Amino acid sequence: MPPLDQLREAVHGIITSPRLTYRQRLHQLALAAEDLLPYPKISDDAERALAEGLVCDLAEGHAPYRPRYVLPDYARALRQGSDHLELDPPSTLDEAVDFLQILYHHVPSITGLPVYFGDLDAILAPFLDDTWTDERLDRLFTRFWRFLDRTIPDAFAHANIGPEVNPITHAVLRVDRRLAQVVPNLTLKWDPDLSGDEILAEAAAAIAEVNKPHIANDRLIRADFPEGYGVVSCYNTLPLGGGSHTLVRLNLLASLDHHRGTVERYLSHTLPEHVELTFEVMEARIRFLVEEARFYDHSFLVTEGLIRPDRFTAMFGIFGVAELVEGLLPGTRYGHHDDAAELAHDVIDTIAALVEARPVPYCRNDRALLHAQSGIAEDVGVTAGARIRIGAEPELVDHLLTVAPHHRRFPAGISDIFALEGSVRANPEAIADVTKGAFRHGMREITFNVEGSDLVRVTGYMVRLSDIEKLRREASRINSTGLGAESVENWHLLDRVPRVIGIESDPRMRSVLRQG
Amino acid sequence: MTLTVRHPLGRRSEILEVAGVDRSSFVDGPGSRYVLFLQGCNFDCVACHNPSTIGRCDGCAVCVDVCTSEALTVPTAGSILFREDRCDSCGDCLTVCPLDADPTIRPMTIDAVVADIARTAPFISGVTVTGGEPTLQLDALVRLFTRLGDDRDLTHLERLVDTNGSLSPAGWRRLAPVIEGAMVDLKAASPDRHRRLTGEGNEQVVESIRLLAEWGKLTEVRLLVIEGETDDETELAWWAEIVGSHAPGVPVRVMPFRRRGTRRRAHRWPDTSPETIQRVKAVLAAAGIETLL
């Protein structure tokens, strides 16, 4: 633990930072207080792995007192009302939107704000009647969207639409495209039969303008989550009515640094050891959350049945696949050479088998779920998830074919961001073509960044480039802008467009402090 | 590693002389498309932005002398070996070529092209063959499109050619049945101006436009707008008259001239301004020709 005067200095820095709003300071102060507690008990080896960055807990904090990601069953809440919040079930669409707006403020996550707004078209469909013309829907959703962006200012907060299409699905796409806001992040769950080509064409046209929505391969993901699922934060697919206790990730580049010997020995010895160290940290964090902080014993979300402890899993994240395979096979380039791609497969298969075999306490089906983690601002020199190195991407189709086979191995989500030239704006059908091809090849999800937009993706969340420019001078009302700013600088994002942008960010705003 | 041995191709119809491939083009027709660039053109357009696709290599090997990365060598007299893995893409070989040819292009069998398209098929709406002038390799082109149309897994792909319109009616009668459409450039209405801009007259081009429109195979007519050349009001009126009478209702696209990549006197011409494009669109609209965005 750092000496007290250093902590005092950090707290003073938070309280006086001109680049943090009042609420952002409050959040930072809570983090500083949490980290005064000792880390949950782990072995010396695991402690060393954390300190060296071999294992990374994404600075979630020393004493987890809420799950990282929470996906309430909003449909149930709308049906039954809430005793805790003293709310009757809504009976009209206006009331239902009000109800949700209230409920969101009581849904925690690692960011202090909700990361999931629900499958809005599906949960609001029961309130639709003939009086809801497109024009009225657009007015309602314009107000709703403005409320979300101004009061839940964090781009990890995510709305879902689809796979079934109703007038709200269309209204959300229209309004979201027109307002071009950072919040909410948006995913269209798409299934060729349930959703059809028309909504995909609308989504493609929206992507061409505002780089949203992200598109999820509904049929494939649904098979992994019979209870239903939501896409939240940077493309994490998680069980509905549950979520993820924590996300702990293994840095495969650091793993390579610890390895001496053959590729075979790496797969048979080094990698399993490092996977187990990651599990150790994960398990200690889950036990603290469940047994010490006892979140699930106290939350009204549990007592009212909006989340169920047995629907919580934990996310086992990996990153740096590209650097690992290029390090193990010197002279090869991942994305260009077949043997590098094959080794990437072997590595991922090995990790997936270990994750599928290892019981984890208090987790859905007693298991964690594998996730290709999309990076944080500090990941300089190591590539997100299983992505191809930035700047080394082969042409689009080869790029898609290289990464597609990995997707089935990552039930908790894997993302690649595909950069498209601005010429696609005149021909958005091309976006639909590429999406369909990707899904036919077994990709779980796909995201695009079209050159020349102000609203761009950094790893998964949205940032307005104009906001980053402003942040150099003053506080941003949007929490995640600071993360984007650091990512932009570390990864030369502005120089690189339309190259792929890749890094998820630390959703804790530490990066903003470090910048100061 | 790609090893390419260059030698004269003659009329061998199982081989396509391929200048390049784009497996996800957004600008060569609707949707994402597989685009095959074929080497060689019978026009010599001043404004060509891709001049190294014009010539056919005769094996003179001038390029080999300037290749400092040793990607180009002469294994036997009259042939040039290209090693892609050594190439640093400096472009010097293209600059020195007296024929506007490209020693890095590769002959591909139709089998190989079909296999590559099949691999890309899930991601695309169609295939566009351009160049160069694709119809110069007519035999192979007809075979390629026939193969695509006959293949159960590829027959849904829309087949387009992007052409200068110089193919003879006899040639079109072979090609038209195996394509969904052709995009034709009419680079100038006046035969003299056409000759000045392309080295050839436009009589055959106009005839191609008429025939393809009659058969319902004309997807698009294009006008490259060059300030001081093809934006002239008299010229535009004439252009509108040709297109309006021979291809009524066919989509028309006007495109701005860009200096980038051009040679000779075109390199001194200005980029066409958005205002000029708007003016041209207005003149064509007044003559009853609606243009695409």
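Close amide H pairs (under 5 Å, H built 1.01 Å from N) link A:Gly230 with A:Leu238, A:Leu240, residues at least 5 positions away or on another chain. In the protein assembly as shown, a dipole from Cβ-located charges (positive for Lys and Arg, negative for Asp and Glu) runs towards its positive end, and of A:Thr133, A:Leu471, B:Ile15 it is A:Leu471 whose Cα lies farthest in that direction. To the nearest ten degrees, helix B:138-150 and the longest principal axis of the Cα atoms of chain B are 80 degrees apart. Give me the Debye-computed log₁₀ of I(q)/I(0) at q = 0.23, 0.24, 0.25 Å⁻¹ for the range B:114-213, equal point scatterers on Cα only, no solvent, two decimals. After summing over all Cα pairs, the log10 values are -1.17, -1.24, -1.32. Charge tally around A:Glu283: other residues with Cβ under 13 Å, Lys/Arg +1 each, Asp/Glu -1 each, net 0. Projecting label points 7 angstrom from Cα along Cα→Cβ for B:Asp271 and A:Asn365 puts them 5.4 nm apart. For the protein assembly as shown, A:Cys56, A:Cys234, A:Cys363, B:Cys41, B:Cys57, B:Cys60, B:Cys67, B:Cys87, B:Cys90, B:Cys97 stand unpaired, since no other cysteine beta carbon lies under 4.7 Å from theirs.
Apply the a/c threshold of 1.5 to the C-alpha gyration tensor of the range A:122-231 and tell me whether it is rounded, prolate or oblate.
Rounded is the answer for the range A:122-231, as its axis ratio a/c remains below 1.5.
Taking 0.36 nm per residue of separation and subtracting the Cα-Cα distance, full extension of the segment from A:Glu451 to A:Val11 would add 154.4 nm. For the peptide B:23-36, the mean number of other protein chain Cβ atoms found within 10 angstrom of a residue's Cβ is 6.
Beta bridges from DSSP with both residues in chain A: antiparallel share about 35 percent, rounded to the nearest 5.
Here each label is just a point 7 Å from Cα along the line to Cβ, and for B:Glu14 and A:Arg308 those points are 6.4 nm apart. Which residues does the label zone of B:Asp88 cover in the range B:37-74, counting backbone N under 12 Å from a point 7 Å along Cα→Cβ? Within reach of a label on B:Asp88: B:67-71.
With a sphere of radius 14 Å drawn around the Cβ of A:Pro3, what net charge do the other residues whose Cβ falls strictly inside it have (Lys, Arg +1; Asp, Glu -1)?
Values: positive: A:Arg8; negative: A:Asp5, A:Glu9, A:Asp35.
Combined, the nearby Lys, Arg, Asp and Glu give -2.
How many partner chain Cβ atoms sit within 10 Å of a residue's Cβ in peptide B:110-123, on average, as a whole number? Let's see the in-between values first.
Values: counts 0, 0, 0, 0, 0, 0, 1, 0, 0, 3, 6, 2, 12, 13.
Taking the mean over all residues of the peptide, I get 3.
Helix B:274-286 and the longest principal axis of the C-alpha atoms of chain B enclose an angle of approximately 50°. The helix-based estimate of mean residue ellipticity at 222 nm for chain B, built from -39,500 (n - 2.57) per DSSP H run of four or more residues and divided by its residue count, is -8500 deg cm²/dmol to the nearest 500.
For B:Thr109 and A:Asp193, what is the calculated FRET efficiency with R₀ set at 30 Å and r taken between the beta-carbons, to the nearest 0.05?
Details: r = 38 Å, r/R0 = 1.28.
It comes out at approximately 0.20.
Separation of the range A:431-463 from the range A:1-65 is 34 Å, based on Cα centroids.
Take the convex hull of the alpha carbons in the protein assembly as shown; its mean projected area over all directions comes to 37.7 nm². FRET efficiency for the A:Arg265 to B:Leu99 pair, using the beta carbon distance and R₀ = 60 Å, is estimated at 0.60. Peptide packing for B:27-35, A:333-341 was compared via the average number of neighbouring C-beta atoms within 10 Å per residue; ordered from the highest value, the list is B:27-35, A:333-341.
Treating each Cα of chain B as an identical point scatterer and summing with the Debye formula, the log10 of I(q)/I(0) at q = 0.07, 0.09 Å⁻¹ comes to -0.27, -0.46.
Centre-to-centre, using Cα atoms only, the range A:367-428 and the range B:125-140 are separated by 33 Å. Measuring r between the beta carbons of A:Arg150 and B:Arg258 and using R0 = 56 Å, the FRET efficiency lands at 0.85.
Only Cα pairs under 8 Å and 6+ residues apart enter the sum, and on that basis the relative contact order of chain A stands at 17 percent. Between the range A:70-136 and the range B:194-245, the C-alpha centres lie 59 angstrom from each other. Taking 23 Å as the straight-line reach from the Cα of A:Lys212, the lysines in range (excluding those fewer than 8 positions away in the same chain) are A:Lys189, A:Lys436, A:Lys470.
If you bin all the Cα-Cα distances of the range A:352-477 at 10 Å, starting from zero, the percentages per bin are 11, 33, 33, 17, 6, 0. Net charge in the neighbourhood of B:Ser245 (other residues with Cβ under 14 Å of its Cβ; Lys, Arg +1, Asp, Glu -1) is -2. Peptide A:416-426 is shielded by partner chain Cβ atoms: per residue, an average of 2 of them sit within 10 Å of its Cβ.
Using Cα pairs under 8 angstrom and six or more residues apart, how large is the relative contact order of chain B, in percent?
Numbers: 600 pairs, mean separation 52.3, N = 293.
Relative contact order here is 18 percent.
By the rule of a C-alpha distance below 29 Å, with chain neighbours fewer than 8 residues away ignored, the lysines paired with B:Lys281 are B:Lys187, B:Lys217.
A short reminder: the numbers here are calculations on the coordinates, not readings from a lab. Bear in mind the structure is a predicted one, so any value in this text is a computation, not a measurement. FYI the Cβ positions are ideal-geometry reconstructions off the backbone, even for glycines, and counts take in every protein chain you see.
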